[in-house]
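The values are calculated or read from the model by the stated rules, or taken from the named source; none is laboratory data. From a predicted model like this one, the values you see are computed outputs, not experimental measurements. With ideal geometry, Cβ positions are generated from the backbone for all residues, glycine too; neighbour counts draw on all protein chains shown. Just the protein is used for accessible areas: all its heavy atoms, side chains included, with ligands, DNA and RNA removed. Shrake-Rupley method; radii C 1.70, N 1.55, O 1.52, S 1.80 Å.
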Amino acid sequence: MNSIDKLPYLGVRYQIKYHKCNLDCPYCIAQWKERENIFDTTSYQLVIENLKKLPNRICLRIGVGGEVFTSDDIMKGINDICNSNSNIFGVSFSTNLVASWKRTIEPFLDSLDTSKLGMGCTLHDTVIKDIDGFFEKARKIKDKGVNLYIGYVALPQKIDIIKQYKQRCDDLGIPLLMNGLIGKLAGVQGADSSLDYPRDYTLNELSELKDLWDSPHSYKMLLESSETKGMLCSAGHQYIYINPQGDVFPCSGIKKSIGNIIDGTLKLQTEDTICPVSACWCDNENQALRIVDKNYERTRTLRIYHRKSGLSDSELYEGYNPSIFQR
């Protein structure tokens, strides 16, 4: 057994606030182009180096923020993690895969130990024209040993297309992980800008998407919007959220800081958190709920977890609060 396997698990989402993107998606929840790019290379390096000093076995997700393959500094930090012998056993990030395979992606993957690497390859088919090329890049990334998934935003107008993407992902052996829409949808043909999501998914849309969703947990959180208030969560104990300045919070929804990773004042909680918020729509955060540990096995990629053996579908939907929308 590797010595770090004996250390307590710590899931980390590090929000770097890198807002440079090479796409302009009409439904972009993050609205990168409207935000100032406040990414700081020095802070980024310090956060990573200080995470390596913690007495924990760390699964790190960098971002979400802009497009990683447009930043040499971010790529270098990921390279250093993958090629160093440290307590960070997994590091993952999101990419839209627009970057050149030969000039950027392949040399990056060939420069590091992919046994530590995870990637979320987000498919933005409203602006990416070469869909076949996207899936081919994903296949080659998997063949390089990366633990990856393909991400897609659940646009209700595209449920039939999602079915096709799900089949392509199944054929490649790559999970399709979806995010629910948050807020109003604009710039997509057939969209009604007066609708507010996830509240306004219709019952028929929810039924069809349920068959396509990656896990019952993600479905309950992101589409049914099960109320999280009162649920047991590892936030602050075995899961933390770090902002660009190194300030640490139990999660992005809990604003009370538990220290700073850069100045060494971080003090992890010794007990789990009883969730104080009503909705948790980011799958980086809601997967810290203890119900995930009850029903699923975690991986080196923060957003990927697999159901434990012997559990039926019906069991995986149990233990959740009703929707905040009280359907």
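Computed over the stretch 249-327, relative contact order equals 18 percent, with contacts defined as Cα pairs under 8 Å that lie 6+ residues apart.
If you wrap the stretch 53-128 in the convex hull of its Cα atoms and look at it from every side, the mean projected area works out to 5.3 nm². Once you reduce the stretch 200-226 and the stretch 293-310 to the center of their Cα atoms, the two points are 19 Å from each other. The mean sequence separation of alpha-carbon pairs under 8 Å and at least six residues apart, normalised by the residue count of the stretch 166-276, gives a relative contact order of 19 percent. Shown for the chain are no DSSP H helices, since none reaches 24 Å along its axis, judged by Cα atoms, with a mean Kyte-Doolittle hydropathy of at least 0.5. Each Cα pair under 8 Å and six or more residues apart adds its sequence gap; the mean of these over the residue count of the chain is a relative contact order of 18 percent. Accessible area per residue for the stretch 159-289 is 44 Å², calculated with a 1.4 Å probe on protein heavy atoms, without ligands, DNA or RNA. Residues whose amide H comes within less than 5 Å of that of S323, counting only those at least five positions distant or on another chain, are E227 (H built at 1.01 Å from N in the peptide plane). Approximating the spin labels as points 7 Å out from Cα along Cα→Cβ, the D143-to-D313 distance works out to 3.4 nm. Each of T270, S314, G230 was scored by the projection of its Cα onto the charge dipole of the stretch 185-318, and the greatest displacement toward the positive side belongs to T270; charges sit on the C-beta of Lys, Arg, Asp and Glu. Along the Cα-to-Cβ line of E49, 7 Å from the Cα, sits a label point; which residues in the stretch 213-256 have backbone N less than 16 Å from it? Residues 246 qualify, since their backbone N sits under 16 Å from the label point. Surface composition of the stretch 156-220: carbon plus sulfur atoms hold 45% of the accessible area, using a 1.4 angstrom probe and ignoring ligands, DNA and RNA. Here the accessible area is traced with a 1.4 Å probe on the protein chains. For the stretch 246-327, carbon and sulfur cover 52 percent of it.
The accessible area of K308, taken with all protein chains in place and a 1.4 Å probe, comes to roughly 60 Å². Secondary structure note: in the chain, about 30% of the DSSP beta bridges are antiparallel.
The order of the peptides 47-58, 87-98 by mean Cβ neighbours within 10 Å, most packed first, is 87-98, 47-58.
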